[in-house]
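To start, the structure under review is shown below, and the notes come after it.
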Amino acid sequence: MRILSLSQRLTLVFALLLLGSCVLLGWMQVRTSTQYSQAVIQQLSSNLAQHINQSYPLVTKDGLNKDSVRTLFDHLMSVNPSVEVYLLDKSGNIIGDAAPEGHLKRQHVDLAPIEASLAQHKFPIYGDDPRSLETRKVFSVAPMLQDGQLKGYLYVILLGENYSALISNARVNTLLKIVLISISLVALLGLIVGGLAFRWITRPLRDLSRQVHALEMGGMKEMQAMAALPLREGKERDEIDLLRQGVISMARRIAEQWHRLSQQDQLRREFIANISHDLRTPLTSLHGYLESLSVMSATLSEKDKKRYLEIALAQSQKVGTLAQSLFELARLEYGVVKPQKERFSLCELLQDVFQKFELAAQTRQQQLLADIQPGLPLIDADLGMIERVLTNLLDNAIRHAPERGTVSVRLWKERDKVMVQVSDNGPGVPQELKEGLFVRPSIASQSRLRVGGLGLMIVRQMLQLHGTDITLIEKTETGACFRFALTV
């Protein structure tokens, strides 16, 4: 089965609605005109029964005047075949009629419409039709009195059985003609006008459908083209325009995510290349010294053997440290590690971390300085992670600070945060490496430059788990300055 398009479905629904409206309107017009004509006939003939009652003495002292009734019925049938005359007693029972044999369906007429007509209520008023159990018709009525006493009613059906048969045939023919003409006009006008109107209305939707199909078939090139389309500003936007805006916004988010994924993939490739370089250097050195020990063991002195073993051990320790850092970074990035927060003093923690680096600083004749604001509150954080953050930052600063240089840590409070700043007077970070400082590991061949490393990547991951981040502060003097905040 062929599926209709949106324009075709809207046109079809529109045509059906117009067709239904036309049929309903035709029925209402026929009904209204019928009621109007019956109201006019009833109002014009309201005195007919009274005139007949005065012209023909139907009731005498001896009861019903059958000769007058017969003469009345014969006269009315010849003058106006559409009327039917009935004589009712004061209870509404039919006591006289001129209906052919078998045409009389009821023997009693409801008196409520008769009383309403005598009270001059608004026309049309419908009363019981003695020749039908369901139909109600307009009528004229007059009370029959004798010596001032009510004896019954002269009940005249104005549109009788013969009239109903004729008018029904005429009405069916007329209504059928109106309906057929209406159907033809509605079908023609509905298909033409509705088709044009809905094609114009749905044009933006069809354009959007083509664009979405192009996105499906064209890939990221079409997605980026869609993302470059302008967003319409303002509140006066219809539903289709809102849908288009939503598709453009979605395309922009997808394009941005694709760009970030491309960057992440590039960073991953660089990360693997850099780590491979960092691993290859100590492994090559380790392999070289172990091979020398193996080959020249008989010719080397004990002093040289010890020196070779110490160098190999140091290179092995570098490989182990690098592998441990990689493992730790992977656990942080994949969410395996969750911070176990507790309240503690950052000042005391800093003193403990300083003690770990006293020997290294003395060896390089460097100064470790602490600038701590008095009265700092306790912080809410993971003690082990913050210790690792300070350790990595101080280790990084000591390694890059020159001999007889200075490494300083400053702590102070800003609103509900404790600010931490670690700085040194080393070579600083080159401008071209600042962007990837916390996302790219160091390269051994660039050891003379201040570049990012696994330590800084671990620092950033741990701080992000605490809902904060680390930034590199621009300084006029030499050296690097890192700053982060912790929640009180």
In this structure, is Ser316 hydroxyl-bearing (Ser, Thr, Tyr) and either at pLDDT below 85 or in the same structural domain as Lys413 (by TED's automatic domain parsing) (or both)? no
Does Lys356 count as of a type in the set (Lys, Arg) and in a helix (DSSP H, G or I)? yes
Among the residues that make up segment 116-130, is at least one of them part of a helix (DSSP H, G or I) and without any contact (Cβ under 8 Å) to a residue 24 or more places away in the chain? yes
Looking at segment 328-352, which of its residues are surrounded by 11 or more Cβ atoms within 10 Å (Cβ to Cβ), of a type in the set (Lys, Arg) and not in a helix (DSSP H, G or I)? Lys341, Arg343
Breaking point among (1) modelled with pLDDT under 80; (2) surrounded by fewer than 13 Cβ atoms within 10 Å (Cβ to Cβ), for Asn65: (2)
Looking at segment 341-349, is at least one residue in the same structural domain as Val409 (by TED's automatic domain parsing) and of a type in the set (Asp, Glu)? yes
Residues that are over 16 Å from Thr406 (Cβ atoms) and touching a helix residue (DSSP H, G or I) at 6+ places or on another chain (Cβ under 8 Å), drawn from segment 351-373: Asp352, Val353, Lys356, Ile372
When Gly160 is run through (1) at pLDDT 75 or above; (2) surrounded by 15 or more Cβ atoms within 10 Å (Cβ to Cβ); (3) within 22 Å of the chain's Cα centre (by Cα), the failure sits at (3)
Sort through Gly92, Gly96, Gly148 and tell me the only one that's at positive phi and surrounded by 13 or more Cβ atoms within 10 Å (Cβ to Cβ). Gly92
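Residues checked against (1) out of contact with any strand residue (DSSP E or B) (no Cβ under 9 Å at 6 or more places or on another chain); (2) polar (S, T, N, Q); (3) at pLDDT 75 or above:
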| site | (1), (2), (3) |
| --- | --- |
| Ala119 | yes, no, yes |
| Pro124 | no, no, yes |
| Phe139 | no, no, yes |
| Leu145 | no, no, yes |
| Val156 | no, no, yes |
| Ser164 | no, yes, no |
| Asn169 | yes, yes, no |
| Leu176 | yes, no, no |
Which condition number in (1) more than 30 Å from Glu403 (Cβ to Cβ); (2) within 48 Å of the chain's Cα centre (by Cα) is the one that Leu376 fails? (2)
Would you be able to tell me the number of residues in segment 79-100 that are assigned to a loop (DSSP other than H, G, I, E, B) and β-branched (Val, Ile, Thr)? 1
Check Gly436, Gly453 and return the single one that is crowded, with 17+ Cβ neighbours inside 10 Å and either among the basic types (Lys, Arg) or modelled with pLDDT under 90 (or both). Gly453
So Ala370 passes all but one of these: (1) in contact (Cβ under 8 Å) with a residue 40 or more places away in the chain; (2) at positive phi. Which condition number does it fail? (2)
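The values are calculated or read from the model by the stated rules, or taken from the named source; none is laboratory data. Note that the coordinates shown come from a computational prediction; the quantities given were computed from them, not determined experimentally. All Cβ positions, even for glycine, are placed from backbone atoms using ideal geometry, and neighbour counts span all protein chains on display.
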